[in-house]
């Protein structure tokens with residue numbers, strides 16, 4: 001699936017705990033209304049039928065808003081839906097995912113704070129590489145810390161869009177964008193909200209950071 005727009009802007013990542021109780025779809029759509037460029041469906045729970053149903057609904061929602069859906073750690077589900085996938089270091093081969101999904105699919109790779117992992121991901125066919133964590137992260141508090149200097153090196157040596165993840169907020173995102181980040185991946189600073197309207201407001205604020213650069 002070829003991206004309709006350049007990979008630049010807000011990368012919204014769902015959280016099954018934050019978005020429990022019927023909040024997944026309305027909050028995800030609010031993020032998309034606010035301009036999210038990518039939406040990652042991240043659900044580590046069981047229940048294949050539920051995950052398929054939710055992912056299908058999110059795919060359709062992304063299509064309505066001109067965004068791309070990414071499935072976390074499940075290339076087979078991504079292939080079934082005709083969408084992209086994001087793989088961690090222990091979640092299977094990028095090259096195998098590329099062979100399964102085809103040359104146009106969006107495939108992302110978690111590279112922590114290591115440039116050599118990003119270079120390997122590029123060689124295996126990744127569409128973008130994600131570095132982090134950059135700040136204290138609720139989702140992965142023990143993840144290795146990346147530095148803004150890493151982004152500058154990656155920008156100079158890699159030919160792919162760069163994603164920053166890990167505790168990114170409206171206050172910290174501008175510095176990352178200034179260092180060459182193409183997308184900021186956000187979970188809590190976007191979805192830990194009391195209403196869909198607040199999610200949309202936050203998404204618009206994140207998206208505006210890219211419009212001004």
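The values are calculated or read from the model by the stated rules, or taken from the named source; none is laboratory data. Bear in mind that the values here come from a model prediction, so they are computed numbers and not experimental data. All Cβ positions, even for glycine, are placed from backbone atoms using ideal geometry, and neighbour counts span all protein chains on display.
Per-structure values
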item	result
Residue check for residue 45: out of contact with any helix residue (DSSP H, G or I) (no Cβ under 7 Å at 6 or more places or on another chain), at pLDDT below 95 and surrounded by fewer than 18 Cβ atoms within 10 Å (Cβ to Cβ)	yes
Residue match in the stretch 80-91 (condition: under 18 Å from residue 110 (Cα atoms), surrounded by fewer than 22 Cβ atoms within 10 Å (Cβ to Cβ) and modelled with pLDDT of 95 or more)	no
Flag if residue 113 is buried (at least 18 other Cβ atoms within 10 Å of the Cβ) and in contact (Cβ under 8 Å) with a residue 24 or more places away in the chain	no
Residue match in the stretch 131-153 (condition: farther than 25 Å from residue 209 by Cβ and not in a loop (DSSP other than H, G, I, E, B))	no
Conditions (1) surrounded by 15 or more Cβ atoms within 10 Å (Cβ to Cβ); (2) more than 16 Å from residue 105 (Cα to Cα): number failed by residue 74	(2)
Single residue of the stretch 114-141 satisfying the filter (modelled with pLDDT of 95 or more and closer than 26 Å to residue 191 by Cβ) that is farthest from the chain's Cα centre (by Cα)	126
Close pairs from the stretch 182-194: first without any contact (Cβ under 8 Å) to a residue 24 or more places away in the chain and on the phi < 0 side of the Ramachandran plot, partner crowded, with 20+ Cβ neighbours inside 10 Å and outside any helix (DSSP H, G or I), Cβ under 7 Å, at least 6 apart	189/168
Test: residue in the stretch 193-207 that is more than 17 Å from residue 111 (Cβ to Cβ), in a strand (DSSP E or B) and either in contact with a strand residue (DSSP E or B) (Cβ under 7 Å, 6 or more places away or on another chain) or at pLDDT 95 or above (or both)	no
